[in-house]
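Please read through the structure below; I'll follow up with questions.
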Amino acid sequence: MTVETEITRVANYLKFPIKGKLSYTEDNIIQMNINANEKIIGFSSILNYFHNEVQKKDNQHVQDFYQTKQFFDFANLFIRSTSKRDKYAACLELNSYLESRSYLIGQRISLADLVVFYSLNDIMLQLSPLEKESYLNLSRWYSYIQSIETIRQNTKEVNFSTIHLLGWNTAAHV
Amino acid sequence: MLLYTYPENFRAFKALIAAQFSGVNVQVAPNFVMGETNKTEDFLKKFPLGKVPALETDDGKYLFESNSIAYYLSNAQLRGGSDLEKAQVLQWLSFADSELGPASAAWVFPILGIMQFNKITNERAKQDIVKALETLQARLVNNTFLVGERITLADIVVFCGLLQLFQHVADPEFRKPFFAVSRWFNTILNQPQTKAVVKNFTLCEKEAAFDPKKYQEWQAKFGGAQQQPKKEKKKEEKPAAEKPAKKKEDKIEEPQELDAADEALLLEPKSKDPFDLLPKGTFNFDDFKRVYSNEEESKSIPYFFEKFDKENYSIWFGEYKYPEELTKTFMSCNLIGGMFQRLDKMRKQAFASCCLFGEDNNSTISGVWVWRGQELAFPLSPDWQIDYESYAWKKLDADSEETKKLVTQYFSWAGTDKDGRKFNQGKIFK
């Protein structure tokens, strides 16, 4: 998924009017117009801008606020990394992180869930059923976020049902 | 809408959390006193069962049973989307009531001092809980919630069913294999809607142990309602019901009113052999029965007294209450035989010699019984309750000479009944 699509979907989820505001700088970095004079440049910066807007409305805990930023970096550096090794390390890490959690941060959906969800889409689509199986907790979380229509929008659906069709005992692969 | 309940009632929590999610306005009835308000004529007119939680709607409709109240207060999401999801919600509600409820009570109530501790009951309860948690784990390892991909009433009700366990006995070591259940439990616990209802909850750090002192205190205060055979339950309900009112003074933690279903299940566990509940002593019925069948009474009776374990077994004298109804002796023998047949499942842990004294139209039936446990064994199983009330039962002192004489007489089919009728026939239950 391109960063443009990802930013658009985050904006849609937040009901933030985004149409016509995204463009690219000369050296091909994404930018967003906030008003006639001000632009925010770069994927991370734009996400952080949204995050601040959410924070204004929705006073979350300070701790959660900064942790969300950390997940933006994680998505950027590892999940979107060009190195295959980084990507799989990210999956492994998320899988063990999600063993004891239903959401990435706290006990409800945050922007961290959205951003990691969109960033992971390409990887998840390529996973074999057996691999999805081995990332059991990650698959559970991913399939849950995917079920939320306002987040998923047009994101390509990752199929988890083959796991059940093959009749494997998912719990055995932990 | 008005919800009648005592404080910290996990059954009422289901309704209150559901109402938090749906935004329905429910007030907890002020001034409700357990054991008083719910015994008033006015309350019983609305809720003949006299139990809480109970709901009174604004337009004067009445609901009892916590699941129905919680369902009524739910919104569309909580009830489940498709027909299948609705059925799945119902499935987990039943699961909470039948798989979780009784076992949880059996494990937690002794810890809270409400019931006597019994090692075997305790272990069986743990096994049942493990099984229930495995069922939950299997679902929650692949799914965030119990039904579909959203919080439903199923999550709320099963969560409430686990509250006492996770607070008092399920320590980190016990929870460890059920990481998905713990994950889900924390998620439900930390929803703002849940937090608004369940306050002061802390996850168990170490399994609380049974404290005999706590139990004695509780027994002294509220009487032995739980120890009575279940037929007497109805009358005994009042002392049990008084506890929530008193609990604040002595800080006994949330003794709940035992649900009748829980009690029945506790008294009659799922086991095939109701005697499993009672401690196993050293007396081996099979060995004794073999000696009794193969040897002369002069050997088998001393063997009986040598091996008999009076701590864990008891000797009883049972006498048929209506001898005037006995006519032909063969009919009387059939009466005994029929009783033995109906008590078939008792055989493994019991032995009896029943004798018919006298002749046609003038006879009596009496017998000496031995079984595991110190109480009358028949109430242990509904299968055993057909005949025993027609007999007068007397527990015999295992050490007394009289008992020795009686046992010897009955085991060797000799002598007369107390009115001098001669021994006619005997039957052995083994």
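The values are calculated or read from the model by the stated rules, or taken from the named source; none is laboratory data. If you're wondering where the values come from, they're calculated on a predicted model, not measured in any experiment. Cβ sites come from the backbone with ideal geometry, for glycine too, and all protein chains shown count toward neighbours. For the accessible areas, the whole protein counts, side chains as well, though only heavy atoms, and no ligand, DNA or RNA atoms are used. Shrake-Rupley method; radii C 1.70, N 1.55, O 1.52, S 1.80 Å.
How much accessible area does B:Lys39 have with a 1.4 Å probe, in Å² rounded to the nearest 10?
Surface open to solvent at B:Lys39 totals about 80 Å².
Let me ask another. For the range B:90-198, what does the alpha-carbon gyration tensor say about shape, rounded, prolate or oblate, given a ≥ b ≥ c as the root eigenvalues, a/c under 1.5 as rounded, and a/b over b/c as prolate?
Note, shape of the range B:90-198 comes out prolate.
Next question. What number, in nm² with one decimal, is the all-direction average of the projected area of the convex hull of the alpha-carbon atoms of the range A:3-173?
The Cα convex hull of the range A:3-173, projected and averaged over all directions, gives 10.8 nm².
Mind checking the angle between helix A:62-74 and chain A's longest principal axis? C-alpha axes, 0 to 90 degrees, to the nearest 10.
Rounded to the nearest ten degrees, it is 80.
Around B:Tyr62, with a cut-off of 13 angstrom between Cβ atoms, what is the net charge of the other residues, counting Lys and Arg +1 and Asp and Glu -1?
Computed value for this residue: -1.
Looking only at the protein assembly as shown, where both bridge partners belong to it, what percent of the DSSP beta bridges are antiparallel (to the nearest 5)?
Percent antiparallel among DSSP bridges in the protein assembly as shown is about 95.
For B:Gly367, what charge total do you get from the other residues with a beta carbon under 12 Å from its beta carbon, if Lys and Arg give +1 and Asp and Glu give -1?
Net of charged neighbours comes to -1.
Could you work out what % of the accessible surface of the protein assembly as shown is carbon and sulfur, using a 1.4 angstrom probe and leaving DNA, RNA and ligands out of the count?
Looking at the protein assembly as shown in its full context, I get 50 percent from C and S.
Over all Cα pairs of chain B, how is the pair count split among 20 Å bins, expressed in % and running from 0 up to the last occupied bin?
The distribution over chain B is 22, 43, 26, 8, given as percents.
Oh, and also: Just read off the accessible area of B:Phe185 with the full protein assembly in place, 1.4 Å probe, to the nearest 10 Å².
Result for B:Phe185: roughly 0 Å² accessible.
Same structure, new question: Express the relative contact order of chain A as a whole percentage, based on alpha carbon pairs under 8 Å and six or more residues apart in sequence.
About 19 percent, as a whole number.
In addition: Set the bar at 21 Å for Cα to Cα. Now go through B:Lys119/B:Lys206; B:Lys119/B:Lys394; B:Lys119/B:Lys280; B:Lys395/B:Lys418; B:Lys310/B:Lys348 and name every pair that lies beyond it.
B:Lys119/B:Lys394
Related question: What angle, in degrees between 0 and 90 and rounded to the nearest 10, separates the Cα long axis of helix A:111-126 from the longest principal axis of the Cα atoms of chain A?
50
Continuing with this model, one more query. Say the dipole of the protein assembly as shown comes from +1 at the beta carbon of Lys and Arg and -1 at that of Asp and Glu; which of A:Tyr142, B:Tyr72, A:Asn33 then lies farthest toward its positive end?
Of the options given, the answer is A:Asn33.
How high is the relative contact order of chain B, in percent, with contacts defined as C-alpha pairs under 8 Å that are six or more residues apart?
13
Moving on. Given C-alpha coordinates of the range B:285-429, what is the ratio Rg to Rh with the Kirkwood estimate of Rh?
0.94
Please give the residues from the range B:133-174 for which the solvent-accessible area of heavy atoms, probe 1.4 Å, is smaller by at least 30 Å² with all protein chains in place than with the chain isolated.
When all protein chains are present, B:Val141, B:Asn142, B:Thr144, B:Glu149, B:Arg150 each give up 30 Å² or more of accessible surface.
Oh, and also: With a 1.4 Å probe and all protein chains kept in place, how much accessible area does B:Arg372 have, in Å² rounded to the nearest 10?
Taking all protein chains as shown, B:Arg372 has close to 10 Å².
Sticking with this structure for a sec: Give the Cα extents of the protein assembly as shown along the principal axes, in whole Å, largest first.
Here the Cα extents, ordered largest to smallest, are 120, 57, 43 Å.
Excluding residues on the same chain fewer than 8 positions from B:Lys299, give the aspartates and glutamates whose Cα lies under 14 Å from its Cα.
B:Asp287
With all protein chains present and a 1.4 Å probe, how do B:Met115, B:Met331 order by accessible area, largest first?
Largest accessible area first, the list is B:Met331, B:Met115.
Add -39500 (n - 2.57) for each DSSP H run of 4 or more in chain B, then divide by its residues: what number comes out at 222 nm, to the nearest 500 deg cm²/dmol?
-13500 deg cm²/dmol
Next question, about the same structure. Using a 1.4 angstrom probe on the protein heavy atoms only, line up A:Tyr135, B:Tyr72, A:Tyr88 by accessible area, largest first.
The most accessible residue leads, giving B:Tyr72, A:Tyr88, A:Tyr135.
Using just the C-alpha positions of the range B:24-147 as equal point scatterers, what log10 of I(q)/I(0) does the Debye formula give at each q in 0.21 1/Å?
-1.16
How would B:Val407, A:Val54 line up by accessible area, probe 1.4 Å, largest first?
The ordering from most to least exposed comes out as A:Val54, B:Val407.
Residues of the range A:100-116 losing 40 Å² or more of accessible surface, assembly versus chain alone, probe 1.4 Å, please list them.
Buried on complex formation: A:Ser102, A:Gln107.
In this model, which of B:Lys214/B:Lys404; B:Lys131/B:Lys345; A:Lys57/B:Lys86 are farther than 29 Å apart at the alpha-carbon?
Exceeds cut-off: B:Lys214/B:Lys404; A:Lys57/B:Lys86.
Considering Cα pairs under 8 angstrom that are at least six residues apart, work out the relative contact order of the range B:143-195 and quote it in whole percent.
Relative contact order of the range B:143-195: 30 percent.
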